[in-house]
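J.: One structure is given below, represented as structure tokens, and several questions about it will come after.
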Amino acid sequence: MKQLTHASGSSDPDFSPDGTKIAYSGSPSIVEIYEDIYVMARSGKGKKALTDTDDRNEWGPAWSPDGTKIAFLREQPFTRPDGSTGSQPDIWVMNADGSEQKKITDDPAFENSLSWSPDGTKIAFEQDADIWTIAPDGSGRRNLTDTPDAVETNPDFSPDGQKLAIAGTFDHTDFEIYTMNLDGGALTTVTDNNVYEDEPAWSPSGTKIAYRKNVRIQNTRILNAEIFTKSASGTGGVKNVSNDPGLDASPDWGPRPTASG
Ligand SMILES: [Ca+2]
Ligand SMILES: [Ca+2]
Ligand SMILES: [Ca+2]
Ligand SMILES: [Ca+2]
């Protein structure tokens, strides 16, 4: 894949649903450490900042399926009773041009990994190692996993909106890829091994899931992340689709079919 950004720490690329734009997070310059959300044309041209805060990070942009809105994470600094300071992320939603930024979660928990449902009515996310859904206006928040002793993260809606792919531990010692229904039921194990997998992403047809997996570089003890695909049902073999010595992350199949077509 062609590298489109050069700012240090540019990450989290997400294609607009029509495939013409990419939203991502990055530092505005090498002297400012705090990231903002940017959008640019797929060609890499026309870069524009959608957030402009000098004292906190924004990251993790996720386009709504109709392309009109972007959900993202914004750091919220706080001071503890003992005077020490920290920060935690909240979920925000803005118009795709950066206007009307609205906070939809507002609590000390750590939110992460945003995924819109194909019909635009829900955003799935991780909060403190559980998988939740919430409406884009902040209403109807629901914990789908509620497992205090296990970690779940990286939810990704299936193209038909009926399931989520997630990475998690459950009864395993390391991360596996799972699918589940929107009530947290019908858990299916897609991977089952003793290496680390995360960042699942459904194929547009809904039949396959791409994910990141750590594999050992031959004749070394060095772990290298590669992108693999496997059938969403968990059956059949796996396929290494990146297979290069660089660290690969955040698989994205590109634009998805919209509800209308
Ligand atoms: Ca910022
Ligand atoms: Ca929070
Ligand atoms: Ca959990
Ligand atoms: Ca595993």
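J.: Of (1) in contact (Cβ under 8 Å) with a residue 40 or more places away in the chain; (2) more than 15 Å from Phe157 (Cα to Cα); (3) polar (S, T, N, Q), Ser205 satisfies all except one. Which?
T.: (2)
J.: Sticking with this one: Between Glu75, Glu126, Glu58, which is of a type outside the set (Val, Ile, Thr), modelled with pLDDT of 95 or more, within 16 Å of ligand 3 (Cβ to nearest atom) and within 18 Å of the chain's Cα centre (by Cα)?
T.: Glu126
J.: Report yes if some residue within segment 95-111 is surrounded by 21 or more Cβ atoms within 10 Å (Cβ to Cβ) and more than 16 Å from ligand 1 (Cβ to nearest atom); otherwise report no.
T.: Looking for residues that are surrounded by 21 or more Cβ atoms within 10 Å (Cβ to Cβ) and more than 16 Å from ligand 1 (Cβ to nearest atom), one finds at least one in segment 95-111, hence yes.
J.: OK, next. If I go through segment 184-207 residue by residue, how many of them are crowded, with 19+ Cβ neighbours inside 10 Å and part of a strand (DSSP E or B)?
T.: Matching residues across segment 184-207 total 6.
J.: Run down Arg42, Arg56 and say which single residue is of a type in the set (Lys, Arg), over 18 Å from Trp92 (Cβ atoms) and in contact with a Lys or Arg (Cβ under 7 Å, 6 or more places away or on another chain).
T.: Arg42
J.: Of the residues in segment 157-182, how many are within 16 Å of ligand 3 (Cβ to nearest atom) and not aliphatic (A, V, I, L, M)?
T.: Summing the residues that are within 16 Å of ligand 3 (Cβ to nearest atom) and not aliphatic (A, V, I, L, M) in segment 157-182 gives 10.
The values are calculated or read from the model by the stated rules, or taken from the named source; none is laboratory data. Since we're looking at a predicted model, the values are computed, not measured. Positions of Cβ are generated from backbone atoms using ideal geometry, with glycine treated the same way; all protein chains shown enter the neighbour counts.
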